[in-house]
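Report on one structure; see the data block that follows.
Each value in this text was obtained by applying a stated rule to the coordinates, not by laboratory testing. The model shown is predicted, which means the values in this text are computed figures rather than measured ones. Positions of Cβ are generated from backbone atoms using ideal geometry, with glycine treated the same way; all protein chains shown enter the neighbour counts.
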Amino acid sequence: ELGYFTYDAGFTSTASCKSRVTYIDGDNGVLLYRGYPIEQLAEKSSFLEVSYLLLHGELPNKAELDQFVSSVTNHTMLNESLKDFFDGFHYNAHPMAMLTGVVGSLSAFYHGELDINDPNNRELTAHRVIAKMPTIAAAAYKHLVGEPFVYPRNDLSYSGNLLNMLFSRPTEKYEVNPVAERALDQLLILHADHEQNASTSTVRLAGSTGTNPFAAIAAGCAALWGPAHGGANEAVLNMLNEIGDVSNVPKFIEKAKDKNDPFRLMGFGHRVYKNFDPRATIIRKTCHEVLEELGVGKDPQLELAMELEDIALQDDYFVERKLYPNVDFYSGIIYRALGIPTEFFTVLFALGRTPGWLAQWMEMVNDPEQRIGRPRQLYTGAAKRDYTPVDQRG
Ligand code: SDX
């Protein structure tokens, strides 16, 4: 007797909500935010404009955009006592551990505005989270490299400020490189939402209990960290290092196909895209442009990645299972060209995904059909039996 519920391991065919935020056509590689194609947004928009679009459903007019940017910009500072929080982390703590912990801790600083039934609180908190995530991320980075924290600068763009907080040092003059700034902004746009992926579903499930959004976003960060999800961008670079040389690619392709070997091609495959991931197509192109414009020249890891892609895409195993490079396959190569260490890649995915998490959370809170998320199960354990005292057990 297993019970009478529909069994759908991994939720491959269960819609957990109705949503107006993001549309994906996995067979045809289509991704729309609020109806706008990802290709157009990546080329023409900015990350904060896309954040507004996701949160509010429409592109902002000039006054609305100015007001939104000003509000986000004016919430970038962290409470000074959070410095002590970072001091408590081990010197080599993973930045995702710090991000997850610190973003959750923000709820301790805004007691008065945690009532999510008030729409003003919801909006204010969304601005705060979008504004403070880069400051927390950069502080985690500085903790990692052992340098003093850099305060946010309100005269810079969202991505320019992030680069400045990451790379400027008190002893040197640092100018934000516009090519790096635009590339980072574009990557954040590409990561901004992806309907009911694992981390977004986690944010919704946590949020469905009525918990505050800082706590729900912390839950999203925790879910994103895994190598099957946002942690794949870090895993791709580690995998390319492990492969080492183009001549080793066939051997690793065979390992990825071997069901007795845990090795899988990181950055390959997707639950929904069964033709191509449109974000990977954009990132692949940007990757070549950025390397050229930054004067990095030929990157052996990019060559290796392209060779791996070429061989995998001609292999029956990958063709039959419709396994293509996903968003994480090439993004790490761009991040590395920007000087970002591998263990920081997933943090950038989290920054990009933040407006999507918030937009989905807001939609859920506003949904009159919303109920606490509570999946059922098919019970496969022991039937009812009687307790025996320990001295009578065999
Ligand atoms: C993201 O959901 C989203 O929208 C996520 C995301 C977002 O923006 O939020 O797009 C971001 O998470 C991208 C995915 C990053 N993860 C990776 O790159 C890790 C490697 N990929 C796999 O772990 C996997 O493909 C998943 C997790 C992405 C998808 O898993 P599914 O849908 O459960 O598919 P599956 O594991 O059941 O795979 C189907 C078949 C299996 O073979 P068979 O049992 O049928 O013989 O394909 C095989 C798998 O073993 N397979 C792979 C493979 N991915 C799937 N074989 C080798 N290498 C791989 N990468």
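State the answer as a single residue: which of Leu313, Thr100, Leu53 lies farthest towards the positive end of the charge dipole of region 1-376, with beta carbon charges of +1 for Lys and Arg and -1 for Asp and Glu, about the Cα centre.
Thr100
If I take R0 = 22 Å and measure r between the Cβ atoms of Glu172 and Leu294 in this structure, what FRET efficiency does the formula 1/(1 + (r/R0)^6) give, to the nearest 0.05?
The formula returns an efficiency of 0.75 here.
What 222 nm value per residue comes from the helices of the chain, counting each DSSP H run with n ≥ 4 as -39,500 (n - 2.57) and dividing by all residues, nearest 500 deg cm²/dmol?
Value at 222 nm, helices only, nearest 500: -16500 deg cm²/dmol.
Which whole-angstrom value gives the distance between the alpha carbon centres of region 39-87 and region 169-196?
The distance from the Cα centre of region 39-87 to that of region 169-196 comes to 13 Å.
Any idea how far the Cα center of region 341-367 sits from the one of region 286-322, in Å?
27
Taking 30 Å as the cut-off for C-alpha to C-alpha distance, list the pairs among Lys44/Lys298; Lys142/Lys322; Lys132/Lys173; Lys44/Lys274; Lys62/Lys142 that go past it.
The pairs that break the limit, which is 30 Å between Cα atoms, are Lys142/Lys322; Lys62/Lys142.
Obtain the nm distance between the two label points defined at Arg371 and Asp84 by a simple spin-label model: each point lies 7 Å from its Cα along the Cα-to-C-beta direction.
For the pair Arg371/Asp84, the computed spacing is 4.5 nm.
What's the extension gain from Asp316 to Ala383 if we count 0.36 nm per residue and subtract their Cα-Cα distance?
That pair, Asp316 and Ala383, stretches by 19.6 nm at full extension.
If you wrap region 1-376's Cα atoms in a convex hull and average its projection over all directions, what's the area in nm²?
20.6
Where Lys and Arg each count +1 and Asp and Glu each count -1, what net charge lies around Val327 among other residues with Cβ under 13 Å from its Cβ?
Charge balance near Val327 sits at +1.
Using the Cβ atoms and a cut-off under 12 Å, what net charge is assigned to the surroundings of Ile282, where Lys and Arg are +1 and Asp and Glu are -1?
Taking every Cβ under 12 Å from that of Ile282, the sum is -1.
Treat each spin label as a single point 7 Å out from the Cα along the C-beta direction, and report the Glu58 to Lys255 distance in nm.
For Glu58 paired with Lys255, the spin-label model returns 5.4 nm.
Where a Cα-Cα gap under 14 Å defines reach, which aspartates and glutamates qualify for Lys257, not counting those fewer than 8 residues away within the same chain?
Partners found: Asp315, Asp316, Glu320.
For the chain, what does the relative contact order come out to in percent, with C-alpha contacts under 8 Å and a separation of six or more?
Relative contact order comes out at 24 percent.
In nm, give the distance between the simple-model label positions of Thr14 and Phe109, each being 7 Å from the Cα along the Cα-to-Cβ direction.
Distance between the two pseudo-spin positions: 3.7 nm.
Can you tally the net charge around Glu234? Count Lys and Arg as +1, Asp and Glu as -1, for every other residue whose Cβ sits under 9 Å from the Cβ of Glu234.
-2
Scale the Cα Rg of region 125-200 by the rule-of-thumb value 2.2 N^0.38 Å and send over the ratio, two decimals. Kindly include the intermediate steps, with their values, before the conclusion.
Details: Rg = 13.6 Å, N = 76, 2.2 N^0.38 = 11.4 Å.
Dividing the Cα Rg of region 125-200 by 2.2 N^0.38 Å gives 1.19.
Show me the ranking of peptides 229-240, 170-181 by mean Cβ neighbours inside 10 Å, starting with the highest.
229-240, 170-181
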